[in-house]
Amino acid sequence: MHTSNLISDLALILVSAGLMTILFKWLKQPVVLGYIVAGCLIGTHITYTPTVGSTEEIGNWSEIGVVFLLFALGLEFSFKKLLNMGKTALIASLVIIFSMIILGTIVGLALGWGLTNSVMLGGMISMSSTTIIIKALDDLGLRSQKFTNVVFGILILEDLMAILLMVVVSTMAANKSFDGGSLLTDMDSPLWNILKLLFFLTVWLVFGIYFVPTFLKKTKRFLNEETMLIVSLGMCLAMVMFAVKVNFSAALGAFVMGSILAETVEADYIEKIIKPVKNLFGAIFFVSVGMMIDFNILVEYAVPIIVITLTVICGQVFFATCGILLSGQPLKIAIQSSFSLTQIGEFAYIIASLGATLGLIDDFLYPVIVAVSVITIFVTPFMIKLAMPAYQLIEANLPAEWKVFIERRSLAEKEALAENVWRSLLIQMLRIVLVYSALVIAIIILAVNYFIPFVKSYIEGWPGALLASSLTILLISPFLRAMVAKKNHSKEYRYLWNVSRYNRAPLIILIVLRFMLAMAFISFVLMRTFDVAMGLLIVVAGLLVVLMMISKRLKFHSIIMERKFFYNLNSREYEMSKTEPGTISPFNKGNLAMHLSVYDLHLADFEVSANSNCVGKELKALNYRKRLGVHVVSIIRGQERINIPGGNEQIFPTDKLLALGTDEQLKAFETELSSKRTVTEHKEVGLEQVEIDKNSVLIGKSILQSGIRDKAKCLVVGIEHEGVLSMNPDISTVFQTGDLVWIVGESEKIKEMMHIQAEDTISIVDAQ
């Protein structure tokens, strides 16, 4: 039978990837490196090993791998986390990303690679690897350390920046150049495409979070593991097709749908069931990355590879330390975080692959950036281990005035007062206007291009125009009302209004500006349907906005829609906290962590393994508070959450413990949780047949009277008498001569029991 190249190539990829995975697991190295090595071995650049037959078909598989990889990253991303991101992550990530892009561009130009290659190089080395960092921190037992919160916050923002960079790459490929002078004038420039991206992201996320959790909730009783897998992957690919339709990348669509599903109650469940799919196609993608490596190019560009590797390591350490210090964190946190970020990972491959596919980068840059990534990934655990010695060395030799400056800045950040009321109000209003404007624009675009022409094609003249415009305005009216009315009665607005009469004119102007924006949207709709004077349209638009403001029914529907959106947005947290008094939700956890930072305390999560030494013991017996200084704040057990547990509360396997302490205390706590109980020797349990001899002491005794279960810890599962087999016999069944008894238990136990009861009278026949 003929086997297609696709199947044979896929078999070769998976076999080589599997062998390399085992090898790299044994070497305690990231399996990503194993996949890349497997790709090198089966690629066309090495002739001593079997090679794939069709690189084009493998390219299609790897593209699917990118989609599922980005979908899984989206499930871990959560745009809500981004909105709640603290100042530390924001400042540090911006410093790191833009500084590394500039540094990478300078290095690329110094190597003579041209502007486009250099800018691409800067983008690829500006983002660290989330997957590699998480694995390295887990392997080193540092996941509970305080600095990891800063690292994960930076990684979230870097993931978003990677998505923006993918849009820029696509735009640069379309223009075949990077012309800074056309940023504002060219509608296809990177800047305009980023603005378009932000518009579509807002629309997709708002509508997605409004409808997707509701759909999953309504269909929950039909969603078993198989159905949920199909539905979630279907949503992912549907968003992929929609993103491609509006000229964005497939990877972006997958990432966005993952981020939407990340806000649902089922997020953890979806992440679990798609993991095998992600691992399969992710492995194919990383193997295809290795297949692109040409060793001749690596030898030729050995010096640039070393230069770029040093640029990544030194640049990340320096700029991350500066950015984190600038945000007000202490020196120790800054150095620990910066030494964890010294690698490039999956997004560098994806951007490089996209650039190579679009013909934007030269052929040599792809294998060069992969080589740099492999080296930096390999040294990541060593860099993390060097963080504390580096901190101690720097702290010992740092000038006294610098220490005072850093300490004062850190203390000032911790003791900072609330934000300026004016600034807080303006930021909230700006966010409201941008979000609701994006939704209104999206509805108007759909109406103008599809709905209004459809209605006017069936109903001609002014009746059709009136019906089409009325329905369109009715659809956007809840959003227009919210855009104009929200925050007009907020505590910030009232405070500013009452504290000084000089604030009243600017506050009124804010309302007027939003009122005029709502009028502009309505006027645009009317202009597309009626051919009348502009002045009349403006008057009608103004009257309609006034009616929207005074309509109680519209206000009610607007509030209901908003509440439903925020409920869906926070449904995962609501499910976790169960709204019990004293529950520590993720929001409260973040606030509490901020207040405890002054005392170097923070909260961390730990999961109890099945063979942990603490399993089955009560908290008062473990006495963590007195022995380690750690407070167990909450125990999460399945759907149950036990807040401020008492001393009689026992620890069970898979419990999640929320604990409070310093880095050192939590490290000792984690070590104790991971200590294993003494495990007795495991003995096999088998099925054996025992023939009852005429001299057996069991004759005339029932199963209960024989003591087989109690004394030998064995189980009688069947008795064959005169050729008739009775399975699961009753305990009152009496043994008779010639019975063949089927017993389940440890072989040694069975033999010992038979030896005691009737030595040399019962023969044991191995079960066939």
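The values are calculated or read from the model by the stated rules, or taken from the named source; none is laboratory data. Here the structure is a predicted model, which means the values were calculated and not measured. In this analysis, Cβ positions are derived from the backbone assuming ideal geometry, glycine residues included, and neighbour counts consider all displayed protein chains. Only protein heavy atoms, including side chains, enter the accessible area calculation; ligands, DNA and RNA are left aside. Shrake-Rupley method; radii C 1.70, N 1.55, O 1.52, S 1.80 Å.
Values for this structure:
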| item | result |
| --- | --- |
| Output for the stretch 700-717, where each listed residue is open to solvent by 20 Å² or more (accessible area, probe 1.4 Å) and over 52 Å from the mean Cα position of the chain (by Cα) | GLY700, LYS701, ILE703, LEU704, GLN705, LYS711 |
| Tally, over the stretch 150-165, of residues that are open to solvent by 20 Å² or more (accessible area, probe 1.4 Å) and under 14 Å from the mean Cα position of the chain (by Cα) | 4 |
| Contacts under 8 angstrom Cβ, first residue in the stretch 503-514 being free of Cβ contacts under 8 Å to residues at least 60 places away in the same chain and over 16 Å from ARG423 (Cβ atoms), partner open to solvent by less than 60 Å² (accessible area, probe 1.4 Å) and of a type in the set (Val, Ile, Thr), 6 or more apart | ILE511/VAL484 |
| Single condition LYS555 does not satisfy, out of (1) part of a helix (DSSP H, G or I); (2) open to solvent by less than 80 Å² (accessible area, probe 1.4 Å) | (2) |
| Matching residues in the stretch 387-398 - criterion: being in contact (Cβ under 8 Å) with a residue 40 or more places away in the chain and either of a type in the set (Gly, Ala, Ser) or surrounded by 16 or more Cβ atoms within 10 Å (Cβ to Cβ) (or both) | ALA387, ALA390, TYR391 |
| Residue list for the stretch 506-540, filter: among the hydrophobic types (A, V, I, L, M, F, W, C), open to solvent by less than 60 Å² (accessible area, probe 1.4 Å), closer than 21 Å to ILE432 by Cα and out of contact with any Gly (no Cβ under 7 Å at 6 or more places or on another chain) | LEU507, LEU510, ILE511, PHE515, LEU517, ALA518, ALA520, PHE521, ILE522 |
| Among (1) open to solvent by 60 Å² or more (accessible area, probe 1.4 Å); (2) out of contact with any helix residue (DSSP H, G or I) (no Cβ under 7 Å at 6 or more places or on another chain); (3) modelled with pLDDT under 75 - the single one HIS489 does not satisfy | (3) |
| For LEU201: the one exception among (1) part of a helix (DSSP H, G or I); (2) modelled with pLDDT under 55; (3) closer than 29 Å to ILE476 by Cβ | (2) |
| From the options ALA621, ALA610, residue that is at pLDDT 80 or above and small (Gly, Ala, Ser) | ALA621 |
| Single residue of ARG481, ARG431 found to be free of Cβ contacts under 8 Å to residues at least 40 places away in the same chain and basic (Lys, Arg) | ARG431 |
| Selected residue (only one of THR342, THR380 is in contact (Cβ under 8 Å) with a residue 60 or more places away in the chain, touching a Cys at 6+ places or on another chain (Cβ under 9 Å), among the hydroxyl-bearing types (Ser, Thr, Tyr) and buried (at least 16 other Cβ atoms within 10 Å of the Cβ)) | THR342 |
| Index of the failed condition, VAL374 passing every other in (1) over 21 Å from the mean Cα position of the chain (by Cα); (2) open to solvent by less than 20 Å² (accessible area, probe 1.4 Å); (3) over 18 Å from VAL66 (Cβ atoms) | (2) |
| 3 or more residues within 20 Å of the chain's Cα centre (by Cα) and either at pLDDT 85 or above or more than 29 Å from ILE305 (Cα to Cα) (or both): qualifying helices (runs of 4 or more DSSP H) within the stretch 6-116 | 55-77, 79-83, 87-110 |
| Residues (touching a Phe, Trp or Tyr at 6+ places or on another chain (Cβ under 9 Å) and open to solvent by 40 Å² or more (accessible area, probe 1.4 Å)) located in the stretch 617-651 | HIS631, ARG637 |
| Of all residues in the stretch 685-699 being more than 11 Å from VAL741 (Cβ to Cβ), assigned to a loop (DSSP other than H, G, I, E, B) and in contact with a strand residue (DSSP E or B) (Cβ under 9 Å, 6 or more places away or on another chain), the one that is modelled with the lowest pLDDT | VAL685 |
| Filter result (over 24 Å from ASN149 (Cα atoms) and in contact (Cβ under 8 Å) with a residue 60 or more places away in the chain) within the stretch 93-113 | LEU103, GLY104, VAL107, LEU111, TRP113 |
| Spans of helices (runs of 4 or more DSSP H) in the stretch 213-315 with at least 2 residues surrounded by fewer than 18 Cβ atoms within 10 Å (Cβ to Cβ) and under 16 Å from the mean Cα position of the chain (by Cα) | 267-291 |
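Residue-wise test of (1) assigned to a helix (DSSP H, G or I); (2) under 25 Å from MET548 (Cβ atoms); (3) modelled with pLDDT of 85 or more; (4) not aliphatic (A, V, I, L, M).
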residue	(1), (2), (3), (4)
ILE369	yes, no, yes, no
ILE377	yes, no, no, no
GLU401	yes, no, no, yes
ARG408	yes, no, no, yes
GLU419	no, no, no, yes
MET429	yes, yes, no, no
LEU446	yes, yes, no, no
LEU475	yes, yes, yes, no
